[in-house]
């Protein structure tokens, strides 16, 4: 049956009209539900790009109704989806979130499938199933779409020569604050923001570092040999504990607490340690990035989870290095082994044993989380049951204390608070129970293993309400952590750190970036750090915490500073040069050809003025 004259011309009004309706509805929805509104003056350009994308998809559409569903799902992802992520995490949806999709679905369970898994599957099904491959126009669009995707996302699939030029043009028009992705989103709009960041993935894709380039950087950063402290013949056990979301909420004055909810035994030890803190690469999540730094000694300044990205085999990280000194390395975490790709990643980092959810008895559960008391007890029993005489590197990642901060009859609400933020109200009591279980474990180690090195730290600050309301009501992080205030940026990265050097007791350390903890462990064990962990030593006694798009630091005089936006003034000029070197070495070691570990094994590596030729084979 033939279509009436004018049908095809009128048909093209459908994607234009639906774009206007969807954009308007979702703009209103994200503004009301999540308080995230695109700057009005930027709406026309963003709406135009969303409409252009819709027209391109419509050109591929064989039927109208599948296109409309696909368009609605795409708009929901770009607008209320990004706004929801901003409200929870402070950042919109980004291209690198694809690496975290599986972990998000596992974490959220059925809700994860409803919010992400099923919509993405439907989008792919609707797109592929609605392709009219027999039409010339559709075939042309099929060719154009991959080309456009190659320009926008070519960093994932090989890159595009046009990407840097187009990205520079977009950055010039719409701006770019890599340290403040929320600001980028509201000043660009959802479609422009995603297109611009996909282009960035393509534009900044870098080749595998060449051997000569790695050798040149090693001349500046390779460690000098030094004698060890303790003889290797008398090693001692190491208990390294990452405490999920562990932090002291006492500074949040809106809670109305008269004192810290943390166990007084912990506070006493922490005071003896000068209230030392670890500086985390993450905020509110992405625990595996903190793990990567603590185990491999290199800083991360990215939104993607490093364990979810390609990693070389047989990496010379802390577990493998300690194994070379006769240690048995054990990782324990009562979650599924595939979460954050831990099983594969732990193996590449050198762990001999990984005990995960199936290895523990669920005898003390709060919601889906095994209590820390049970976790520490069961790990201790497993280690004690072994006849292996080797010293132990006992690395434990706790699970209790994870958002949503569940309580139950065994661990009930322990404190009355005045906060209006429900997550913070629960979190206060969760930290009480968590710190109590932690101290029971520490005291057990001090009784039964008094010479052991004990390191306990929080992986990141907790999520506390929509748009970080739990912090905002006390003025702790200003507008959610995206600020040019260096002290505020430092606060957003600091978690409690307690290091007990056997019979010597707590160690006063001040602020320690997490990527410096492997070097610290080796130093306290008396093992010379001549490997990769020493390469990321900051220059000039600076304490540096790289974060996405910025570096927050403290100078030798104890003054906080912030480097962002390419400021060339001291010390940011030295910081930028250091970060460029460390990024190159990290690409070589963890996903490149691995020249650095080989060159570090050569005896010529130590003198800082050695010529590059001496480092070559």
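The values are calculated or read from the model by the stated rules, or taken from the named source; none is laboratory data. Since the model is a prediction, treat every value here as computed from it, not as a measurement. Note that we place each Cβ from the backbone using ideal geometry, even for glycine, and neighbour counts take in every protein chain shown.
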Of the residues in segment 337-359, those that are assigned to a loop (DSSP other than H, G, I, E, B) and buried (at least 20 other Cβ atoms within 10 Å of the Cβ) number 2
Among the residues of segment 565-576, is there at least one that is assigned to a helix (DSSP H, G or I), assigned by TED's automatic domain parsing to the domain that holds residue 490 and surrounded by fewer than 21 Cβ atoms within 10 Å (Cβ to Cβ)? no
Would you confirm whether any residue within segment 320-328 is in contact with a helix residue (DSSP H, G or I) (Cβ under 9 Å, 6 or more places away or on another chain), under 30 Å from residue 595 (Cβ atoms) and part of a loop (DSSP other than H, G, I, E, B)? yes
For residue 157, work out the one condition from (1) under 24 Å from the mean Cα position of the chain (by Cα); (2) modelled with pLDDT under 80; (3) within 24 Å of residue 566 (Cβ to Cβ) it doesn't fulfil. (3)
Among the numbered conditions (1) surrounded by fewer than 24 Cβ atoms within 10 Å (Cβ to Cβ); (2) assigned to a strand (DSSP E or B), tell me where residue 311 comes up short. (2)
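Scan segment 499-512 and tell me whether some residue there is assigned to a helix (DSSP H, G or I), assigned by TED's automatic domain parsing to the domain that holds residue 438 and in contact with a strand residue (DSSP E or B) (Cβ under 9 Å, 6 or more places away or on another chain).
Yes: segment 499-512 contains one or more residues that are assigned to a helix (DSSP H, G or I), assigned by TED's automatic domain parsing to the domain that holds residue 438 and in contact with a strand residue (DSSP E or B) (Cβ under 9 Å, 6 or more places away or on another chain).
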Condition met for residue 393 (under 28 Å from residue 452 (Cα atoms) and in contact (Cβ under 8 Å) with a residue 12 or more places away in the chain): yes
Please count how many residues of segment 586-596 are over 21 Å from residue 512 (Cα atoms), assigned to a helix (DSSP H, G or I) and under 25 Å from the mean Cα position of the chain (by Cα). 6
Count - residues of segment 32-80 that are in a helix (DSSP H, G or I) and under 14 Å from residue 185 (Cα atoms): 12
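Here's the yes/no breakdown for (1) surrounded by 15 or more Cβ atoms within 10 Å (Cβ to Cβ); (2) outside any helix (DSSP H, G or I):
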| site | (1), (2) |
| --- | --- |
| 530 | yes, yes |
| 551 | yes, yes |
| 557 | no, yes |
| 579 | yes, no |
For segment 322-334, how many residues are buried (at least 24 other Cβ atoms within 10 Å of the Cβ) and either out of contact with any strand residue (DSSP E or B) (no Cβ under 6 Å at 6 or more places or on another chain) or free of Cβ contacts under 8 Å to residues at least 60 places away in the same chain (or both)? 0
On the basis of being modelled with pLDDT under 55 and not assigned by TED's automatic domain parsing to the domain that holds residue 406, does residue 146 make the cut? yes
Total residues in segment 251-281, condition outside any helix (DSSP H, G or I) and more than 26 Å from the chain's Cα centre (by Cα): 9
Answer residue from segment 258-268, given it is out of contact with any strand residue (DSSP E or B) (no Cβ under 9 Å at 6 or more places or on another chain) and buried (at least 18 other Cβ atoms within 10 Å of the Cβ) and is farthest from residue 401 (Cα to Cα) among those: 267
Just give me the residues in segment 384-429 being out of contact with any strand residue (DSSP E or B) (no Cβ under 6 Å at 6 or more places or on another chain) and more than 24 Å from residue 259 (Cα to Cα), in sequence order. 384, 385, 386, 387, 389, 391
For segment 169-222, how many residues meet the condition of being within 30 Å of residue 28 (Cβ to Cβ) and either modelled with pLDDT of 90 or more or assigned to a helix (DSSP H, G or I) (or both)? 24
Taking the stated definitions as given, is residue 284 assigned by TED's automatic domain parsing to the domain that holds residue 443 and under 21 Å from the mean Cα position of the chain (by Cα)? yes
Quick check, is residue 301 touching a residue at least 40 places away in the same chain (Cβ under 8 Å), closer than 27 Å to residue 94 by Cα and surrounded by fewer than 21 Cβ atoms within 10 Å (Cβ to Cβ)? yes
